[in-house]
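Down below is the structure, laid out as structure tokens.
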Amino acid sequence: MFAAAYPGTPSTEILESLATYEEVDCQWSPNEKVALEVAIGASMCGARSLVAMKHVGLNVASDALMTLSYTGIKGGLVVVSADDPGMHSSQNEQDNRNYAKFAKIPMLEPSDSEETRLFVCRAFQISEKYDTPVLLRLTTRISHSKSVVRPAVRRKLEREMSFDKDIAKYVMVPANARLRHRLVEKRLDRLSAFSERIAINRIESGDRRIGIITSGISYHYCKEVASNASYLKLGMSYPLPVNKIREFSKTVRRLFVVEELDPFLEEQIRALGLKVQGKPIELRCGELNPELVREILTGRRSHRKAPGAEGGGRAPVMCPGCGHRGIFYVLSRLKLQVTGDIGCYTLGALPPLNSLDTCICMGAAIGNAAGMSRVLPPEKRKKVVAVIGDSTFLHAGLPGLMDMAYNQTGVTVIILDNSTTAMTGRQDHPGTGRTLKGKETKKVDYEKLCLALGADSVQTVDPYDLEAVRQAISKAMEEEGLSVIVSRRECVLVSRKRYAPALAVDAEKCTGCMLCMKLGCPAMEVTEEEKVEINALLCNGCGLCSQVCGVEAIY
């Protein structure tokens, strides 16, 4: 078996778990598109392949997915999309069930850990039987919850790996693609018939006054609220079992559809001419829960606050000693316009640093900065700086940097190299020199890479040295061409060493100016005397605060 992924919450642990099995060949890929393309190649040779990603990652891989639907597979291929209703760690909460309909491929939706195990096995069987990739759609509640699992006896598939040349199947020039499209439509008809008889689409008879059609985690929410109702539980939610839905609707007095995010099931069921009640439009945002399901079934609204409106609590901040703090502190002091990207450094937008102005998608920092530079007047153009993490740069930043070099866009780009994919749990990538399996491998040289892509100058700084950071940024802004600064400091959660003993504040020397607090270190606290003290349990002795204290009160 082969598996590939780019780490992204809530899908990251899938590949980390698979990597513990010696018989599974798996890897981190630079991005989701590459991961899927590598998995396709393995499938073409007969290997069962799995590729995992978070929901926005499928946007990156969709180019390959759409054509993969046409070519089909040889060894079973399962695409795991881990959606994030509620946006616990994402920039949007798109509903990737729409990708199954878009690509015309079957989709399975497990409701718990045991079903996930069973559905993965079933997905490989469906993939090989119907010559199609299969979308396995998870959500954060499925990915990050635990339930009882009954492991089955593992069976090794004895297969000879070989590639069978088949131009008509695998080479999607227009003439071949037109013929393959017809096969896709015929396959969808066969899958629709299969959806009617597959056991994971089941009717659970109960109180006929209420019938509920649901899938995924919503099934358990419904069972908690209305355990005696009648259910049509959809384990294979695309294509829909149309006849089974019609049959079920005739046995109940009122028909409900309970689903998170988009009215994916509801719209298709309404198109059948059936009278069905879905959730109100305001519940299309965020996760469901038993309380909200009760509102849907009873029609009675509670006086709850809208999702995300609760407020309170402390905003997240970067870890004590994080090297990114030094960069963002200097950027805030220089009052620059900073385009940002996806990663833990996105927290630079929050107080007290307040030094990040945009965050769209992986790699967008560089493209956004290029666009601003092209339209701003000369006096404002040099104040634009792009900030991007090392893993994100390798994922999607290279084309943007090439664009800047090619179109001679003079902007400063700062690569925050902390030697890991920190936001998702500190996974390796091509810039760390280690594979998913922990083997030593080649390591990307960012300085040489940027020069090769056309950067006019490249500087390397230690973000702990604030004066060096300030000088490097000032120098880059004065240059006419494309300037790159590599900020290199290993993530404090990766490094096993402690940089220095915890610091403390001399209360007699502290003037209470709070300049050191601007770094946003959670180890720093304000006393009743409106001076600063340091929580020794949180301080890792990085020393950044001591660099901004003009009276040297911190030691």
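Since every read-out is calculated from the coordinates, none of them should be taken as a lab result. In this text, all values refer to a predicted model and were calculated from it rather than measured experimentally. Glycine also receives a Cβ, built like all others from the backbone with ideal geometry; neighbour counts cover every protein chain displayed.
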Mind jotting down the distance between the C-alpha centroids of region 309-380 and region 92-123, whole Å?
-> 35
If you take the beta carbon distance between GLU525 and HIS88 as r and set R0 to 35 Å, what does 1/(1 + (r/R0)^6) give as a FRET efficiency, to the nearest 0.05?
-> 0.80
Straight-line reach check, LYS531, cutoff 25 Å on alpha carbons, 8 or more apart in-chain or any other chain, hits among lysines -> LYS509, LYS518
Tensor-based shape of region 498-555 (alpha-carbon gyration tensor, a/c under 1.5 rounded, otherwise prolate or oblate) = prolate
Relative to the first principal axis of the alpha-carbon coordinates of the chain, what is the inclination of helix 174-197, with its axis defined by its Cα atoms, in degrees from 0 to 90 and to the nearest 10?
-> 70
Filter the GluC sites (Glu not before Pro) in region 431-488 down to the DSSP loop ones having no more than 15 other Cβ atoms within 10 Å, then list what survives.
-> GLU479, GLU480
So which GluC sites (Glu not before Pro) in region 99-159 pass both tests, a DSSP loop state and at most 14 other Cβ atoms within 10 Å of the Cβ?
-> GLU158
Relative packing of peptides 177-184, 215-222, 81-88 - highest average C-beta neighbours within 10 Å first | 215-222, 81-88, 177-184
From the Cα gyration tensor of region 382-422, with a ≥ b ≥ c the square roots of its eigenvalues, which class applies: rounded if a/c is under 1.5, or else prolate if a/b is larger than b/c, or else oblate?
-> oblate
List the aspartates and glutamates whose Cα lies under 13 Å from the Cα of LYS169, skipping any in the same chain that are fewer than 8 positions away.
-> ASP131
Which net charge results when you count Lys and Arg as +1 and Asp and Glu as -1 among the other residues whose beta-carbon is under 13 Å from that of VAL469?
-> +3
Distance from the Cα centre of region 504-524 to that of region 410-435, in angstrom?
-> 30
Rounded to 10°, Cα long-axis angle of helix 364-375 versus longest principal axis of the chain | 60
Around LYS382 (Cβ within 12 Å, Cβ-to-Cβ, excluding LYS382; K/R +1, D/E -1) the net charge comes to 0
Extension length gain for LYS443 and ASP506 (0.36 nm per residue less Cα distance), in nm, is 18.3 nm
Could the peptides 198-204, 63-69 be put in order, highest first, of the mean number of other beta-carbon atoms found within 10 Å of their residues?
-> 63-69, 198-204
Quick one: what do you get for the chain if you divide its Cα Rg by 2.2 N^0.38 Å?
-> 1.10
Set LYS33/LYS104; LYS33/LYS186; LYS101/LYS129; LYS156/LYS442 screened for pairs whose C-alpha atoms are more than 21 Å apart | LYS33/LYS186; LYS156/LYS442
Listing ASP112, ASP506 from the residue with the fewest other Cβ atoms within 10 Å to the one with the most, what is the order?
-> ASP506, ASP112
Label region 1-150 by shape, choosing from rounded, prolate and oblate, from the square roots a ≥ b ≥ c of the eigenvalues of the Cα gyration tensor; if a/c is under 1.5 it is rounded, and otherwise prolate applies when a/b is larger than b/c, oblate when it is not.
-> rounded
Is it possible to state the helix-based mean residue ellipticity at 222 nm for the chain, with each DSSP H run of 4+ residues giving -39500 (n - 2.57), the sum divided by total residues, to the nearest 500 deg cm²/dmol? What is it?
-> -10000 deg cm²/dmol
For the Cα atoms of the chain, what angle does the longest principal axis make with the long axis of helix 113-130, in degrees from 0 to 90, nearest 10?
-> 70
Enter the Cα centre distance for the pair region 38-72 and region 177-253, rounded to the nearest angstrom.
-> 26
Residues other than THR251 with Cβ under 13 Å of its Cβ, Lys/Arg counted +1 and Asp/Glu -1, net out at +4
